[in-house]
Number of protein chains: 2
Amino acid sequence: MSIKIVPDIIVGRLPIYLRALRYMKDKNQEILSSQKLGPAEIKKLETTSSQELGESVGISAAQIRKDLSQFGGFGTQGTGYKIDKLIERLSFFLKVNQVWDVAVIGAGDMGHALTRYQGFSDRGFKISAVFDNNPEIIGKRIGNLVIQSMDSMTGVVKNANIAIAMLTVPASVAQEVTDQLVDAGIKAILNYAPISINVPENVVVQYIDPSLHLQRMTYYL
Amino acid sequence: MSIKIVPDIIVGRLPIYLRALRYMKDKNQEILSSQKLGPAEIKKLETTSSQELGESVGISAAQIRKDLSQFGGFGTQGTGYKIDKLIERLSFFLKVNQVWDVAVIGAGDMGHALTRYQGFSDRGFKISAVFDNNPEIIGKRIGNLVIQSMDSMTGVVKNANIAIAMLTVPASVAQEVTDQLVDAGIKAILNYAPISINVPENVVVQYIDPSLHLQRMTYYL
């Protein structure tokens, strides 16, 4: 079996397609539960095209066809893509046909908001632990979770085999905490601390920094 | 005067350089206030190189030199870049040498966290209004700001000449609210709603969706 390496820029667009397809599916289920449709209409509803998908995400139909063909052509010329099938394939490819445990590091405002965020559960993720080093909040609850001490982080992450962390600590300690996460076996870090962090080659990092995104836009104003 | 068009991919890296430079400057100020240095040492501290900057952000020195040369070479071969000067130039270029008013739309957990976030003020942004359509929270305070009704949004945004909005509403209403924002004169939207939105060509959008960033990493796990 040959393994095709998919360029990172394409990998980055696949979650956008997946999100749009799931949204289409949800809307279709609303329509199906409120209207009586014939078999042909249902079949049409359950299918999308590169044009329709492209319009909903602001990417050209040609680009979408090219991206999806990278990991196996499964659209049919003239009839388009089965939404369910495409969701299944993209989820499999992105490895979100399973649920990943995620640790939140830092239980300030952002850590709280992420721990309570409703948008993870149906997209492959579950916040299963939250840590902070502030004695005043350790032991308190956020939803179903108890805020645990940073001292217990390594043990908890190793025991539960958690591979993903969201980092919401101050910039000044971000690298030190990152090193601890890597030692504990974390393999993917979503970094909310407003600073670049260094990790070994086998660890992936993505960044969320609202000021950075805003600054990228002000250039165009 | 010739205007050089800088590719978007370079524009996207400039805020990363700016963030790292400001962090260097803060650290240097700590050193200067705690140690007695000679003029040569101070001069060295106030200077950085493409190598040093590159290591702190994980981008090659050659790429950094190329990026910075796009909008005027102001490094000196052998002596590097004056940190202050480079901060000033990048801030000017990204138009964050001024403070932009920002409206937060949606005062749920994420809207709260953003409104209270400390990382905007020194990077060119100030949250100056927050809106929600839930009568139970309209009138309540987040820090110094009172949550205002969505009905008043257009008037407030137009009066205060607010150009930037952060959108933290549910996906189901994101497009409708986006259309209202555009009508009110908003020119840049940082969209936290987990859905793509359509805007006219003169409006810029950036996306923050933690599930999307996480899905981009699970592929590599």
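None of the figures in this text is laboratory data; all of them are computed from the coordinates on show. None of the values given here were measured: they were computed from a predicted structure. Positions of Cβ are backbone-derived with ideal geometry, glycine not excepted, and every protein chain shown enters the neighbour counts.
Note on B:Ser196, A:Ser128, A:Ser60, A:Ser33: ascending count of other Cβ atoms within 10 Å places them as A:Ser33, A:Ser60, A:Ser128, B:Ser196, the fewest first. Each part reduced to its alpha carbon centroid, region B:6-50 and region B:75-135 end up 18 Å apart. Only helices enter the 222 nm calculation for chain A: every DSSP H run of n ≥ 4 contributes -39,500 (n - 2.57), and dividing by all residues gives -14000 deg cm²/dmol, rounded to 500. With both labels modelled 7 Å from their Cα along Cα-to-Cβ, the B:Lys44 to A:Leu37 distance reads 7.1 nm.
In chain A, the longest principal axis of the Cα atoms and the axis of helix A:171-184 are about 80 degrees apart.
One-quarter of the Cα convex hull surface for region B:100-214, in nm²? Approximately 7.1 nm², given one-decimal rounding. For chain A, excluding the exposed loop sites themselves (GluC sites (Glu not before Pro), DSSP loop, at most 12 other Cβ atoms within 10 Å), the longest remaining stretch covers A:1-135. Relative contact order of chain B: 13 percent, from C-alpha pairs under 8 Å at least 6 residues apart in sequence.
Near A:Phe125, the amide H atoms lying under 5 Å from its own belong to A:Trp100; only residues 5 or more places off or on other chains count, and H is placed 1.01 Å from N.
In this simple spin-label approximation, A:Glu55 and A:Phe92 carry label points 7 Å from Cα along the Cα→Cβ vector, and these lie 3.0 nm apart. Here the protein assembly as shown is assigned +1 on the Cβ of each Lys and Arg and -1 on the Cβ of each Asp and Glu. Its dipole about the Cα centre then comes out at about 700 debye. In nanometres and ascending order, the distances from the A:Val146 label point to those of the other copies are 4.2 (point 7 Å from Cα along Cα→Cβ). Think of the axis that spins chain B onto A; the B residue whose C-beta lies nearest it, and the distance in whole Å, is B:Ala113, 2. Mind checking which of B:Ile137, B:Ile105, B:Ile186 has the largest fluctuation in a GNM of chain B, springs on alpha carbons under 10 Å? Largest GNM mean-square fluctuation: B:Ile137.
So how do A:Phe92, A:Phe125 line up by other beta-carbon neighbours within 10 Å, fewest first? Ordered from fewest to most neighbouring Cβ atoms within 10 Å, A:Phe92, A:Phe125 come out as A:Phe92, A:Phe125. If I build a Gaussian network model for chain A, linking alpha-carbon pairs within less than 10 angstrom, which residue out of A:Asn134, A:Asn202, A:Asn161 has the largest mean-square fluctuation? The residue that fluctuates most here is A:Asn202. If R0 equals 30 Å, the separation of the Cβ atoms of A:Ile5 and B:Ser121 corresponds to a calculated FRET efficiency of about 0.10.
Shielding of peptide B:202-212 by partners, expressed as the average count of other chain Cβ atoms within 10 Å per residue Cβ, is 6. Rg to Rh for the protein assembly as shown: what is it, with Cα atoms only and Rh by Kirkwood? The Rg/Rh ratio comes out at 0.97. Ascending distances from the B:Pro39 label point to its copies in the other chains, with the point 7 Å along the Cα-to-beta-carbon line: 9.2 nm. The mean number of Cβ atoms from other chains found within 10 Å of a Cβ in peptide B:111-123 is 4, as a whole number. Sorting B:Thr154, B:Thr47, A:Thr178 by the number of Cβ atoms found within 10 Å of their own Cβ, with the fewest placed first, yields B:Thr154, B:Thr47, A:Thr178. For B:Leu221, the distances from its label point to the matching points in the remaining copies are 3.6 nm, ordered from shortest, with each point set 7 Å beyond Cα toward Cβ.
Loop only per DSSP, at most 13 neighbouring Cβ atoms within 10 Å: give me the trypsin sites (Lys or Arg not before Pro) in region A:65-156, ordered by residue number. Listed in order of number, the matching sites are A:Lys140. Helix B:83-93 axis versus longest C-alpha principal axis of chain B: approximately 40°, rounded to the nearest ten.
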